[in-house]
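Report on the following structure.
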Amino acid sequence: MSLLEVRDLEVAFHTADGTVRAVDRVSFTIDGGQTLAVVGESGSGKSVTALTLLGLNRGAEVAGTVLFDGVDLLAMDDEAMRAVRGNQIAMVFQDPLSSLHPLYRVGWQIEEAILAHRDVPRQQARARAVELLDLVGIPEPARRVDDYPHQFSGGMRQRAMIAMALALDPRLLIADEPTTALDATVQAQILDLIRRLQGELGTALIIITHDLGIVADLADDVIVMYAGRVVERADRRTLYYHPHHPYTVGLLRSVPGSVARAARLQPIPGQPPSLIRLPSGCRFHPHCEFVMDRCVDHDPPELRVLGGLHHGSACWLPGEMVGTDDDTHRRRSAYAGAHRQTLVGSGSTAVP
Amino acid sequence: MIRFLVRRTVFGILVLWLISVATFLLFFVAPHDPARVITGRLATPETVALVRHRLGLDQPVLTQYGHFLNGLIHGNLGYSFYNSTSVNYLIVSRLPPTVSLALGGAIIWLVTGVLIGVLSATRARSLFDRVATIFVLTGLSMPTFLLGLLLIYLLFFRLHLAGVTWFPAGGYVPLSQNPAAWAQHMVLPWITIALVTAATYTRLTRSSLLETLSEDYIRTARAKGLSERRVIYRHGLRSAMTPVVTQFGIDVGTLLGGVIVTETVFGLGGLGQLAVQSVTNQDLPVIIGIVLLAAFFIVVSNLIVDALYAVLDPRVRLS
Ligand SMILES: Nc1ncnc2c1ncn2[C@@H]1O[C@H](COP(=O)(O)OP(=O)(O)OP(=O)(O)O)[C@@H](O)[C@H]1O
Ligand SMILES: [Mg+2]
């Protein structure tokens, strides 16, 4: 049994402008100690997915199942869910500057996380907080434990957030763009820290990122999201060398050099689709250079791609057309051209 | 931080002095003659002149101010033009009703205002929130005297007719004399002042808390697995209280200088009523005394608010 199995997760927000379908039929699994990277451009539903796992999306309409250790988190009541949060599944957020309470001492905030789940004396929780700060590389932890967040640098705050997340030895750690707000050298340090601790503690990790370099460094498996859907999934190597979905291919080809190391994910040209009025058929088709007739009306299900073990892609292109090389690219173009009658030229169609 | 407070204190003293000068000058610029008011319409010019001399009003303005300042430095605010009682005594004797009213009312409005604000923020757009909105609008638009009279009518008059004599219609009983009667006499004034003010606090708390609850660190608190109660009160309200504390300091400071309408409606005989009376009588020493005291309360409450900021926010304290 997988540690976490997400099946057909759907999340919608009812807003004044209409219903925002932020996450649509998302499924994935992660085993103990493994790392899953979730990549996708801004607004593709990565954070919403992560927050939904912990029941932290207020006011959202949620459907599907999230089995954690075989138990459906979405069916849990508040009290039971609270026992999971921070304890079994912990989360590190994007912006360390605003994620710690500015009016409480860093150590106190870590102690609070411990005391929320363990019946231990305050002194013991404090000792643990010092130990954790030491673990994440805060110098002089016994003194810094009494600092307020504003006395910490951005990198130190993210370390403190990681310390807090690891305080109760969670089985799953979700890191939502943990380094985006930090400068490059600090990013590398934080990623090293996460990787080291994950190795030491055997925690499973879901890392959400824009950064294909992080994927290459950390991930076992990768899912690529676009407009609330998983468009491609594979193990890391397969995804880098044999991508199938035109969106993934575009991401990888937009990066100079063969495999994208330390490259920021470029948003594809044009407006991302509105999640309130989604395009018909495949939601990527207005931006897809290989758009075919059927893409306009028929949303492709996720199909197994030939070659990879768990390689899936939500695209109508033949399963053997994988890779970022120019030859495959030409074959894709030829295939798409042959299956495109009603559309003039290649490229985008008008959104209905 | 200490230096900041010292600076603020010096500044406060300067403000008080300027206010005393301004009040003093205003009195002399305005075209009226207290001696004539005191002696009445039918008095002979000789009588008026005599009174004027006795009050020292025939001396040059600067000399008069010198006398005043000299007294002030020694903590003596002078004597009433009217009955030669010392202003210090007048103020001290009128202080208890005003302080009782302001502090008691403040506690009630703070608790109810903040509580309703918290409940309507955490249940935004619920039925409770809507009812609270009506409460806020009523409170904000309700004139104090009207509410006071309404309470007297309902809780004094109607209840008395029904044989229930819980609430007296007015008057003041010193706390030291009879605590129970004191509270009984204060209940209606408290409710009056609390209801019209609580609305502001409800609105302030609601908006401030709603803003805080959307902060990232609130999400962190929830992700830690804290109870919703702890998230709201320990994490949310803690941050949301800063504007409330500021408002509270200013409001209490202002009220301590006299609560004219409520005191008058309920005949409490506090500083507010003394102020009205002395303005009508053009009793300069008393007017200046009250103005200075009111300004003093405001300056001090601002100082306390500043100090509280430091207590509440480590970013202020440690900078
Ligand atoms: N509470 C909400 N109400 C309405 N819409 C929401 C809400 N939360 C998220 N959304 C919408 O859901 C979509 C997905 O948002 P999400 O935060 O998951 O994106 P993301 O992939 O994490 O992007 P980023 O990389 O910028 O963090 C966005 O269009 C966002 O506007
Ligand atoms: Mg996000």
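The values are calculated or read from the model by the stated rules, or taken from the named source; none is laboratory data. Predicted model only: the values in this text are computed from it and were never measured. Here the Cβ is made from the backbone with ideal geometry for all residues, glycine too, and neighbour counts use every protein chain on show.
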Options A:Asp169, A:Asp146, A:Asp192: the member that is in a helix (DSSP H, G or I) and either in contact with a Phe, Trp or Tyr (Cβ under 6 Å, 6 or more places away or on another chain) or more than 16 Å from ligand 1 (Cβ to nearest atom) (or both): A:Asp192
Hey, B:Ala162 buried (at least 22 other Cβ atoms within 10 Å of the Cβ), assigned by TED's automatic domain parsing to the domain that holds B:Thr98, free of Cβ contacts under 8 Å to residues at least 12 places away in the same chain and more than 28 Å from the chain's Cα centre (by Cα) or not: no
Check on B:Ser207, modelled with pLDDT of 90 or more and out of contact with any helix residue (DSSP H, G or I) (no Cβ under 6 Å at 6 or more places or on another chain): yes
B:Leu188 over 20 Å from A:Met161 (Cα atoms), part of a loop (DSSP other than H, G, I, E, B), of a type outside the set (Val, Ile, Thr) and touching a residue at least 40 places away in the same chain (Cβ under 8 Å): no
From the options B:Leu255, B:Leu308, residue that is buried (at least 21 other Cβ atoms within 10 Å of the Cβ) and of a type in the set (A, V, I, L, M): B:Leu255
Subset of region A:41-54 (residues that are under 19 Å from A:Thr15 (Cα atoms), more than 6 Å from ligand 1 (Cβ to nearest atom) and within 14 Å of chain B (Cβ to nearest Cβ)): A:Leu51, A:Thr52
Elements of type helices (runs of 4 or more DSSP H) in region B:194-288, at least 2 residues being of a type outside the set (S, T, N, Q), over 18 Å from A:Glu112 (Cβ atoms) and within 23 Å of the chain's Cα centre (by Cα): B:238-256, B:260-266, B:271-281
Residue identified as within 12 Å of ligand 1 (Cβ to nearest atom) and at pLDDT 95 or above among A:Val38, A:Val20: A:Val38
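Here is a yes/no grid of residues against (1) charged (D, E, K, R); (2) surrounded by fewer than 13 Cβ atoms within 10 Å (Cβ to Cβ); (3) closer than 15 Å to B:Phe68 by Cα:
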site: B:Ile13; (1), (2), (3): no, yes, no
site: B:Leu16; (1), (2), (3): no, no, yes
site: B:Ile19; (1), (2), (3): no, no, yes
site: B:Thr23; (1), (2), (3): no, no, yes
site: B:Phe27; (1), (2), (3): no, no, yes
site: B:Asp33; (1), (2), (3): yes, no, no
site: B:Ile38; (1), (2), (3): no, no, no
site: B:Pro45; (1), (2), (3): no, yes, no
site: B:Val51; (1), (2), (3): no, no, no
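For A:Gly33, state whether it is within 10 Å of chain B (Cβ to nearest Cβ), modelled with pLDDT under 95 and either away from ligand 1 (no atom under 16 Å from the Cβ) or within 29 Å of A:Ser274 (Cα to Cα) (or both).
Values: within 10 Å of chain B (Cβ to nearest Cβ): no; modelled with pLDDT under 95: yes; either away from ligand 1 (no atom under 16 Å from the Cβ) or within 29 Å of A:Ser274 (Cα to Cα) (or both): yes.
For A:Gly33, the condition - within 10 Å of chain B (Cβ to nearest Cβ), modelled with pLDDT under 95 and either away from ligand 1 (no atom under 16 Å from the Cβ) or within 29 Å of A:Ser274 (Cα to Cα) (or both) - is not met.
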Residues within region A:65-82 that are more than 14 Å from every other protein chain (Cβ to nearest Cβ) and assigned to a helix (DSSP H, G or I), tallied: 2
Test: residue in region A:75-88 that is surrounded by 24 or more Cβ atoms within 10 Å (Cβ to Cβ) and more than 14 Å from ligand 1 (Cβ to nearest atom): yes
Criterion (at negative phi and crowded, with 19+ Cβ neighbours inside 10 Å) met by exactly one of B:Thr122, B:Thr133: B:Thr122
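Could you check region A:93-103 and list, in sequence order, the residues that are within 16 Å of ligand 2 (Cβ to nearest atom) and buried (at least 24 other Cβ atoms within 10 Å of the Cβ)?
Start the filter on region A:93-103 by keeping residues that are within 16 Å of ligand 2 (Cβ to nearest atom), which leaves A:93-99.
The answer is A:Phe93, A:Pro96, A:Ser99.
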Output for region A:12-47, where each listed residue is more than 13 Å from ligand 2 (Cβ to nearest atom) and among the aliphatic types (A, V, I, L, M): A:Ala12, A:Ala16, A:Val20, A:Val26, A:Ile30, A:Leu36, A:Ala37
Residue satisfying all of: in region A:175-189; under 16 Å from the mean Cα position of the chain (by Cα) and outside any loop (DSSP other than H, G, I, E, B); farthest from ligand 1 (Cβ to nearest atom) among these: A:Ala175
Residues within region A:174-195 that are within 16 Å of ligand 2 (Cβ to nearest atom) and more than 14 Å from every other protein chain (Cβ to nearest Cβ), tallied: 2
Every residue from region A:2-12 that is within 13 Å of ligand 1 (Cβ to nearest atom) and surrounded by fewer than 18 Cβ atoms within 10 Å (Cβ to Cβ): A:Glu10
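A quick yes/no check of all residues on (1) among the β-branched types (Val, Ile, Thr); (2) more than 12 Å from every other protein chain (Cβ to nearest Cβ); (3) in a helix (DSSP H, G or I):
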residue	(1), (2), (3)
A:Ala63	no, yes, no
A:Glu111	no, no, yes
A:Ala127	no, yes, yes
A:Val130	yes, yes, yes
Within region A:83-95, tally of residues that are within 19 Å of B:Glu211 (Cα to Cα) and more than 7 Å from chain B (Cβ to nearest Cβ): 0
